[in-house]
Amino acid sequence: MNEEFKNIPSKVNLEQFDVSSFAKDKIRDLFRTGKVPTAEVMVDEILLRAVKSEATDIHFEPTENELRIRYGSEGVLKKLVSLPREISENLANVLKTKGALNAFEKKKPQDGRFSLNVGLHQFDIRISTIPVMAGERIALRILEKNARVTSIEELGFTPENLDKVRNVLHRPNGLFIVTGPSGSGKSTTIYAAVNDIQSVEKNIFTVENPVEYKLDFASQVSTSTDKTFTYVEALRAILRQNSNIIMVGEIREAETGIVAAEAALTGNLVLSTILSDSAIGAIFRLISIGVPPYWLASTLIGVVYQQLVRKICPSCKEEYIPVTDEEKRFASMLSGNDAKFFKGKGCDKCENTGYAGRTGIQEVLVLTDQMRDLIYQHASIMKIKENARSGGFESIFQDGIKKVKSGLTTISEFYRALG
Ligand SMILES: [Zn+2]
């Protein structure tokens, strides 16, 4: 629970409307007789609770019988409440109106955003809807405005990987990619990277939609959602302004990738993200969306692939002996018998979860001339992997194992993140 918001009182006892705990008829009676707060008040309460529990997202899922509401916190979903199915449309209308969406459009996905104030804090809420069998499923992403940019030392890199990343970042030009699945903290990492290399002597730009963190050392360009002002247009304009460092929110299609590579080739350090399943996978993802291999071969300097895992709560951390099959499977991967295993047994400080906060597990690929040659020649993933390994590349699995062995996270988190 966030200490600062602890004292903001709840206005609604949502639990009394939970159809999974109380008889549906009784709750429906409450609704019929009007003994319930308005949909606006309900939504405000749900948002307040989400912020209080430091949730990163909220999911409203109508099913045939209920409206299930869950929070995402530290990468894990937790149920908040199951409300009667009947009110799901009212809540959806309130949310869609807040996000300036068309409340009457229920057959097509929509997305938008709105601001939320809690105490002295401002949040940017992204809303997206998708029609499902029983109505509309709505997801909210919660981002704190003016949140502090994380420093690169706080991302959980091993000292060796941090060295590699910094070496790449201090090159004057080239394309640096951070990759991972959605929700793996990619934007936190590129912001930390830009923050690490910023200097008054450099012309620094960011291009995003929308701007996620405010930086006082960079010019931040926000493109439009309706394609009237695109990443490509923004990048071309930036290139006319004598830029040195450019952060591009995400490469989703060929054109952005090609202009980003062009910028890297003309003397910029370009940092961006792409969704993919490994550092080497990111190269092939870029090629598959249409960025020609020769562009990558001449510009790509480094790729970080990352995932987030929960950290063991330091207040209730204890050593234990592996018992489950999963734990034994993990132990069998380690050489030697001296490995110790830790987990949190649960305490007040971690709300009995055994975890507190998250950290990254990563793999860092530094492109060598040989690798660039292989990309240029359209070599297979296997070939590039072999080459990377022979040059000392360590996979995210190896990094994850290190972080379990050092007692930072648990075996079950390792498998949750890496399968
Ligand atoms: Zn604890």
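Each value in this text was obtained by applying a stated rule to the coordinates, not by laboratory testing. It should be emphasised that the depicted structure is a prediction, and the values quoted were computed from it without experimental measurement. Note that we place each Cβ from the backbone using ideal geometry, even for glycine, and neighbour counts take in every protein chain shown.
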Next on the checklist: Based on DSSP loop calls and a cut-off of at most 12 other Cβ atoms within 10 Å, the longest stretch of the chain free of exposed chymotrypsin sites (Phe, Trp or Tyr not before Pro) is what?
Outcome noted: 218-419
Checklist entry - Between the DSSP loop rule and a limit of at most 13 other Cβ atoms within 10 Å, which trypsin sites (Lys or Arg not before Pro) in region 38-140 are left? => result LYS107
Checklist entry - Which value, in debye to the nearest 20, gives the size of the charge dipole of region 290-419 about its Cα centre, when Lys and Arg are +1 and Asp and Glu are -1 at the Cβ? => result 180 debye
Checklist entry - In terms of modelled amide H atoms, which long-range or inter-chain residues lie less than 5 Å from the amide H of SER73? => result THR56, LYS78
Checklist outcome for this item: Output for region 300-379: GluC sites (Glu not before Pro) sitting in coil per DSSP, at most 16 other Cβ within 10 Å, listed by number, reads GLU351
Checklist outcome for this item: Residue-normalised 222 nm signal for the chain, counting each DSSP H run of n ≥ 4 as -39,500 (n - 2.57), nearest 500 deg cm²/dmol, is -10000 deg cm²/dmol
Checklist entry - Hey, how many Å between the Cα centroid of region 11-60 and the Cα centroid of region 368-419? => result 45 Å
Checklist entry - Just how large is the dipole of region 3-144 about the Cα centre, in debye to the nearest 20, putting +1 at every Lys and Arg Cβ and -1 at every Asp and Glu Cβ? => result 320 debye
Checklist entry - Of LYS79/LYS145; LYS78/LYS107; LYS79/LYS345; LYS186/LYS345; LYS311/LYS385, which ones are farther than 24 Å apart at the Cα? => result LYS79/LYS145; LYS78/LYS107; LYS186/LYS345; LYS311/LYS385
Checklist entry - Considering the dipole of the chain built from charges on the beta carbon (Lys and Arg +1, Asp and Glu -1) around the Cα centre, which of GLN198, LEU334, ALA388 is farthest to its positive end? => result LEU334
Checklist entry - Roughly how many debye, to the nearest 20, is the charge dipole of region 152-418 about its Cα centre, given +1 on each Lys and Arg Cβ, -1 on each Asp and Glu Cβ, and no other charges? => result 300 debye
Checklist entry - Hey, got a sec? Which GluC sites (Glu not before Pro) in region 1-109 land in a DSSP loop and have at most 10 other Cβ atoms within 10 Å? => result GLU64
